[in-house]
Amino acid sequence: MRSDRQNRAPMGLKIAAAAGLLFLHLPILLIFVYAFTTEEKSYQWPPPGYTIKWLGVTWNRPDVWESLALSVKVAAISTLIAIVLGTLCAAAVSRWRFFGREAISLLVILPIALPGIITGIALRSAFNLADIPFSTWTIVLGHATFCIVVVYNNAVARFRRLSTSLIEASMDLGADGFQTFRYIVLPNLATALLAGGMLAFALSFDEVIVTTFTAGHQATLPIWMLEELVRPRQRPVTNVVAMVVVLVTFLPILAAYYLTRDGDQIGGHGK
Amino acid sequence: MTVQAAIVSPKRVGPAGELSDSLWRNPRFLLLLLLTPPLLWLGVIYLGSLFALLAQSFFSIDEFSGLINREPTLKTYRELFVPANLDILIRTVSMAAMVTIAAAAVAFPVAYFAARYATGRWKAVFYLGIMLPLWSSYLVKVYAWKLILAKEGILNWLVGKLHLTWLLDAYLQAPLIGGNSLSVSYTGTFLVFLYVWLPFMILPVQASLERVPASLIEASGDLGAAPGQTLRHVLLPLALPGIVAGSIFTFSLTLGDYIIPQIIGSSRLFIGQAVYAHQGTAGNIPLAAAFTVVPVLIMGIYLYAAKRLGAFDAL
């Protein structure tokens, strides 16, 4: 039996939790204000005036579009590679016990457990040693490496829930291995792969540390932003790009939340 | 072949069917088939380049010609312990430690509230309130802090409105943590690190606190413990694996970051910046490689200790 008093949070805890959340969100909200400021040369607060002029200016900037296109391309290819490799790995690890199984799960996690700069510099020096010129594909190679783990994690969790008797039943009913994969395994795996793929895409889309080492002269959107941060050329354009990036990353997260919300409630996560 | 046998084991037809049958009979071959592509990618390309990098740390650079001498030597490692380089190592590790401690302190109340008191709509608010900053762009977050900490920015404006400029000035006068302005001080770097990695700490701490039954806390209170004592003797020990799990992220990410101290901070180098400078313009790959060995070693020890504390169950 619980008394009401114990179910209510102490005031101090409430304030500390609220302060923590505000600390996480106020800086991002600030980005939205700055995207509409009339001030061009400094980061003056409060903004002297508001305008939507910079939205149009940014829209007409070819370099922003080019780097956006490259980012989307790299993220899409890396996500595809990560989905294939991550699923294969997850299938092997969850279906069989074999020598080196633990080592494989460690190997998959390693690219994100080690600081990004190590992955970056290791790949760069390997490209140099092997005389591989920098291109879109060298960027993809780096991104896919650390994207595998998010797909792998999602797929392993789903394989664990997928009962083997389901697969055996399919085989007993006369389906061959490929049909079983097509009609039984894949539909069961689909939402996990979708979620993993979305996270992988977001991870790749936002990556900057590894990319600086594997990109050569091409600029993905994060590289473009980094250059603007180090050597600002047109601050209002950077402000607008920052706001758009925030909006673009918020939508998939919200979508993923509303897609998985019902399942969580059925699963008894509620208190 | 009798009719019965045909029913019990119908033969698959076509090349796909035969292939499927032979894979079923040879699971080891199927396993090999599944594992080869990811192992080629991660084991050969990734681990290969990692070891190639580590190997290069045993080379040395000729000081006169600037060429890399490919004879194994420990000379480059000795160079790590030159006072200037040792300073970089100490600076980075202490920053990582400070950020980790602060992140744990800020994360705990948020995680505890979300795990124990938030229900229904508030649960969703907390969930999204942590996930959105976690997934929003790293560079945008750093950029936001450049706006906040700028001389003409919102923080200085706020301090001025509150008539506390003297306090901020006095703080900036302090050695080590101060500087010309917040955006070129260690305090600025620290704040940005704390902000950017905080969600990585909240999530595992919350996961570990979710598993603490409410009755346990009530029992502690019934047995006469003050709230502070319950926190100290019941909650913190149970949350520790989560805190350690979160600290893996905050520590490792701070160790390897070279962008935040470059954009917001004093011009004194961190490990990441040193690596970047040595491999780039200086062309001293051996020293850059030797520098990267430090975070690898630290994280190796850290992960081993964390595993013994059971931190991986909280992930």
Discussion item. Considering only region B:35-48, I want to know if a residue exists there that is assigned to a helix (DSSP H, G or I), over 29 Å from B:Tyr276 (Cα atoms), more than 25 Å from the chain's Cα centre (by Cα) and of a type outside the set (S, T, N, Q).
Written reply: yes
Discussion item. Given the options A:Leu189, A:Leu166, A:Leu193, name the one that is part of a helix (DSSP H, G or I) and free of Cβ contacts under 8 Å to residues at least 60 places away in the same chain.
Written reply: A:Leu166
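From the list A:Ala126, A:Ala75, A:Ala103, A:Ala82, pick out the single residue that is assigned to a helix (DSSP H, G or I) and away from chain B (no Cβ under 12 Å).
A:Ala75
Here's the yes/no breakdown for (1) in contact with a Gly (Cβ under 8 Å, 6 or more places away or on another chain); (2) among the acidic types (Asp, Glu); (3) crowded, with 18+ Cβ neighbours inside 10 Å; (4) in a helix (DSSP H, G or I):
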| site | (1), (2), (3), (4) |
| --- | --- |
| B:Leu53 | no, no, yes, yes |
| B:Glu63 | no, yes, no, no |
| B:Glu71 | no, yes, no, no |
| B:Thr76 | no, no, yes, yes |
| B:Glu79 | no, yes, no, yes |
| B:Leu86 | no, no, no, yes |
| B:Ile90 | no, no, no, yes |
| B:Ile101 | no, no, no, yes |
Practice prompt. Return yes when B:Pro241 is crowded, with 19+ Cβ neighbours inside 10 Å, over 24 Å from A:Leu22 (Cβ atoms), more than 10 Å from chain A (Cβ to nearest Cβ) and not β-branched (Val, Ile, Thr) and no when it is not.
Written response: yes
Fill in: Unique residue being touching a residue at least 24 places away in the same chain (Cβ under 8 Å) and among the small types (Gly, Ala, Ser) when the list is B:Ser252, B:Ser220
B:Ser252
Practice prompt. Say whether the condition of being out of contact with any helix residue (DSSP H, G or I) (no Cβ under 6 Å at 6 or more places or on another chain), farther than 25 Å from A:Leu106 by Cα and either among the basic types (Lys, Arg) or touching a residue at least 60 places away in the same chain (Cβ under 8 Å) (or both) is met by at least one residue in region A:135-142.
Written response: yes
Practice prompt. Quick one: in region B:118-163, of everything that is of a type in the set (Ser, Thr, Tyr) and closer than 24 Å to A:Ala16 by Cα, which residue is modelled with the lowest pLDDT?
Written response: B:Thr119
Worksheet item: Scanning region B:120-154 for residues that are more than 7 Å from chain A (Cβ to nearest Cβ) and among the small types (Gly, Ala, Ser), which turns out nearest to A:Met198 (Cα to Cα)?
Response: B:Ala124
Practice prompt. Considering every residue within region B:271-278, establish whether at least one is closer than 22 Å to B:Pro83 by Cα, at pLDDT below 85 and outside any loop (DSSP other than H, G, I, E, B).
Written response: no
Item to complete: Inspect all residues belonging to region B:23-42 and state whether any of them is polar (S, T, N, Q) and touching a residue at least 24 places away in the same chain (Cβ under 8 Å).
Response: no
Worksheet item: surrounded by fewer than 16 Cβ atoms within 10 Å (Cβ to Cβ) and within 21 Å of the chain's Cα centre (by Cα) - does that describe any residue in region A:102-114?
Response: yes
Worksheet entry | Test: B:Pro261 is modelled with pLDDT of 90 or more and either more than 19 Å from A:Thr211 (Cα to Cα) or buried (at least 22 other Cβ atoms within 10 Å of the Cβ) (or both) | yes
Worksheet item: For region A:144-156, how many residues are over 15 Å from B:Pro37 (Cβ atoms) and within 12 Å of chain B (Cβ to nearest Cβ)?
Response: 4
Item to complete: Report yes if some residue within region B:278-298 is of a type in the set (Gly, Ala, Ser) and farther than 30 Å from B:Phe64 by Cα; otherwise report no.
Response: no
Worksheet item: Which members of region B:125-167 meet the condition of being surrounded by 18 or more Cβ atoms within 10 Å (Cβ to Cβ) and more than 30 Å from B:Leu203 (Cα to Cα)?
Response: B:Ala150, B:Gly153, B:Asn156
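Any chance you could count how many residues in region A:106-123 are at the interface with chain B (Cβ under 7 Å from one of its Cβ atoms) and among the β-branched types (Val, Ile, Thr)?
Count: 4.
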Practice prompt. Would you check which residues across region A:169-181 are assigned to a helix (DSSP H, G or I) and surrounded by 13 or more Cβ atoms within 10 Å (Cβ to Cβ) and list them?
Written response: A:Ala169, A:Ser170, A:Met171, A:Gly177, A:Phe178, A:Gln179, A:Thr180, A:Phe181
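The values are calculated or read from the model by the stated rules, or taken from the named source; none is laboratory data. Computed from a prediction, not measured in an experiment: that's the story for all the values here. Using ideal geometry, Cβ is built from the backbone for each residue, glycine included, and neighbour counts are taken over all protein chains shown.
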